[in-house]
Structures are given as C-alpha cells and as structure tokens.
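Okay, structure first, notes after.
The values are calculated or read from the model by the stated rules, or taken from the named source; none is laboratory data. Here the structure is a predicted model, which is why all the values come from computation and not from measurement. Here the Cβ positions follow ideal geometry from the backbone for every residue, glycine too, while neighbour counts run over all protein chains shown.
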Amino acid sequence: MTANRLEPLHHVDAGVLRIAYHEAGPSSGVPVLLMHGFPYDIHAYAEVMPLLAAQGCRAIVPYLRGFGATRFLHAATPRSGEQAALGADLVALLDALALPRAVLAGYDWGGRAACVVAALWPERCAGLLTYNSYNIQHIASALRPLPPDSERRLWYQYYFHSERGRAGLAADRRALCRLLWRTWSPSWVFDDATFERSALAFDNPDFVDVVIHSYRHRFALVAGDPAYAAIEQRLAAQPPIGVPTISIDGTDDGVRGPADAARDAHRFSGARSHRLAHGVGHNMPQESPQAFADAVLELVRDAAA
C-alpha cells in the first residue's frame with residue numbers, strides 16, 4: 001500500500017472558498033469531479049485518478065470545506081457543514097473552472113454534494129456515480145428513529161451533538177477518525193502511512209466547526225447558513241435525480257448498508273444502474289479503486305457519446 005501524495009495542488013476562488021484541488025489527465029478530456037467524504041480527503045482517490053487520466057479523463061479532486069488546504073475567503077462566513085453548502089460549493093467550483101458539465105462521483109459528504117447538484121442543477125451533471133445511493137438528507141424526518149442496528153452505527157453523530165463530542169473531536173481527531181475508518185470498513189487493511197496521509201487534512205483550522213455543524217444541522221439541532229436557505233428548502237422536498245446514474249452500496253459498509261440505502265431507491269427517476277460492492281466498506285474508491293474507476297468510465301463513455 002503506497003502513501004504517495006496527490007501533488008501538485010492548484011487553488012481557485014470559488015464562492016465563499018479558496019478551494020485546493022489536484023488534477024490529472026488532459027485538459028481537453030471529459031471532466032470528472034471526484035468528491036471525498038468525512039473523515040477522509042482527496043487521497044481516497046489516489047489510485048482512481050491515474051486510472052481515469054490514463055483513459056483520457058480530466059480528473060479533478062477537491063478538498064471539501066474544512067479539509068486540507070481549502071480555506072474560507074472571509075472570517076465572517078459561517079462554518080457550515082450542511083448539505084446545501086456542499087452542493088453550492090461544487091457548483092461554484094464548476095463555475096470557477098469554467099466547466100459547464102461534468103461527471104460527478106463521490107461518497108459520504110462528497111456523494112451528497114454530487115447528489116445535490118444532480119438533483120437541483122441536472123444540466124451541470126453529465127452523469128452521477130453515487131456510493132450510498134440517494135444521499136440527500138431528509139431533515140424533517142431526522143428525529144424519527146431507525147432500526148436499532150442502524151442507530152448503533154450512528155453513535156458518532158449523537159456524540160457530536162454534545163459539547164463533550166466537540167471537545168473529543170478537537171482533542172484527539174486522529175484517534176477518533178481512525179476508529180471510524182476501522183469500523184466503517186471492517187475488511188479494509190490500511191497502514192499507518194496511508195491514514196496519516198489523509199489525517200493531515202483534519203488539521204484544517206475549520207475542520208471541527210464544519211464537522212460539528214454538519215452533524216447537528218442534519219438533525220435540525222442548529223440553524224443553517226441563511227445564504228443556503230433556499231437550497232435547503234428545495235432539498236426538503238427530496239427532489240428526484242433524473243441524470244444518468246450508477247449507484248453502488250457496499251455489503252461491508254459500517255455506516256449505511258444496502259438495506260438503509262434501498263429505502264430511497266424510488267428517488268431516482270432517470271436511467272439508473274444499481275450495484276452491490278461485495279466485501280467493500282464505506283470508502284469504496286480507496287478500497288476498490290479499479291471497480292470505482294470502471295464505473296466512472298462507463299458514465300464518461302456515455303457522456304462523450
């Protein structure tokens with residue numbers, strides 16, 4: 001297992017952020033935006049990027065708000081982690097890079113951003129690869145209990161609802177995030193260097209604030225950034241995703257397994273191919289990079305046809 005860093009980083013002002021990103025492949029290729037989750041970073045795609053670049057794609061992987069070298073442009077901007085902010089950041093990045101459309105692929109927070117854009121701005125999405133299927137939160141029903149085993153897997157979210165949880169994340173973010181890596185991907189064997197390569201991204205000065213806001217907002221425990229209120233209102237209607245989609249769920253996912261994701265299958269209104277990734281946990285691009293890249297390339301071929 002290697003721990004080579006994705007370098008060099010590029011930077012672009014996009015919306016409220018100065019986004020850091022890595023790019024590989026020809027600038028004339030079909031653009032593919034690869035979106036990472038929490039608690040991961042751009043190196044989730046370290047093995048996917050060269051596979052896509054070798055097939056002529058323009059592969060771009062940005063650090064999300066609160067991660068790595070991405071920074072807020074202004075101190076007064078709320079450090080929101082809500083889903084509307086993640087979607088708006090992705091649209092702003094597409095605008096800043098002058099990309100009218102792109103194939104969008106992601107998981108966890110990054111998959112949510114991709115789903116938001118696919119649902120609300122379908123003209124910007126040439127194809128969607130979403131790990132964890134329909135990944136738009138329904139905040140109005142967030143306090144409705146899930147089956148006990150699903151509740152057990154969400155312990156970290158309830159931990160972050162308390163000031164004890166905020167303090168715990170701030171005090172020992174590496175140990176906490178490594179625990180999540182292990183329990184969310186029980187069959188994935190990673191070494192210290194691989195974890196530390198990503199853990200550097202958690203030293204971002206806004207990491208704790210963005211993470212805590214994300215896990216409190218999705219349960220309606222805190223207000224969102226007023227700048228994204230209109231987007232959140234649209235997301236509350238659980239808009240369908242009609243763009244060409246490949247959705248994948250991992251059989252070993254320790255957060256949101258296939259049974260959880262199946263409840264939202266009806267939210268896809270367009271052409272959709274659904275698959276199970278056997279033996280794969282929560283971080284598919286890093287656990288099974290060839291299969292992830294192959295799925296992206298299916299969408300790329302369709303987009304270029």
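The residues of region 176-200 that are exposed (fewer than 13 other Cβ atoms within 10 Å of the Cβ), in contact (Cβ under 8 Å) with a residue 24 or more places away in the chain and part of a helix (DSSP H, G or I), listed by number, are ALA193, GLU196. Among the residues of region 260-278, the ones that are touching a helix residue (DSSP H, G or I) at 6+ places or on another chain (Cβ under 8 Å), among the hydrophobic types (A, V, I, L, M, F, W, C) and closer than 19 Å to SER141 by Cα come to 0 in all. Scanning region 172-197 for residues that are of a type in the set (A, V, I, L, M) and over 14 Å from TYR156 (Cα atoms) yields a count of 2.
Those helices (runs of 4 or more DSSP H) of region 239-305 in which at least 1 residues are crowded, with 21+ Cβ neighbours inside 10 Å and aromatic (Phe, Trp, Tyr), considering only elements entirely within it, cover 289-304.
One residue is enough: does region 239-249 have a residue meeting the conditions among the polar types (S, T, N, Q) and more than 30 Å from GLU287 (Cα to Cα)? Talk me through it step by step, then tell me what you get.
The first filter runs over region 239-249 and keeps only residues among the polar types (S, T, N, Q), leaving 245, 247.
If we keep only those that are more than 30 Å from GLU287 (Cα to Cα) too, we end up with none.
The answer is no, given that none of the residues of region 239-249 is among the polar types (S, T, N, Q) and more than 30 Å from GLU287 (Cα to Cα).
One residue stands out among those in region 59-86 that are without any contact (Cβ under 8 Å) to a residue 60 or more places away in the chain and of a type in the set (Val, Ile, Thr): the one that is farthest from ALA223 (Cα to Cα), which is ILE60.
Kindly indicate whether any position in region 19-27 is exposed (fewer than 14 other Cβ atoms within 10 Å of the Cβ), modelled with pLDDT of 95 or more and either touching a Lys or Arg at 6+ places or on another chain (Cβ under 9 Å) or not in a strand (DSSP E or B) (or both). It would help to see each step written out before you state the result.
First, the residues of region 19-27 that are exposed (fewer than 14 other Cβ atoms within 10 Å of the Cβ): 26-27.
Subset that is modelled with pLDDT of 95 or more: 26-27.
Checking which are either touching a Lys or Arg at 6+ places or on another chain (Cβ under 9 Å) or not in a strand (DSSP E or B) (or both) leaves us with 26-27.
Yes - at least one qualifying residue is present in region 19-27.
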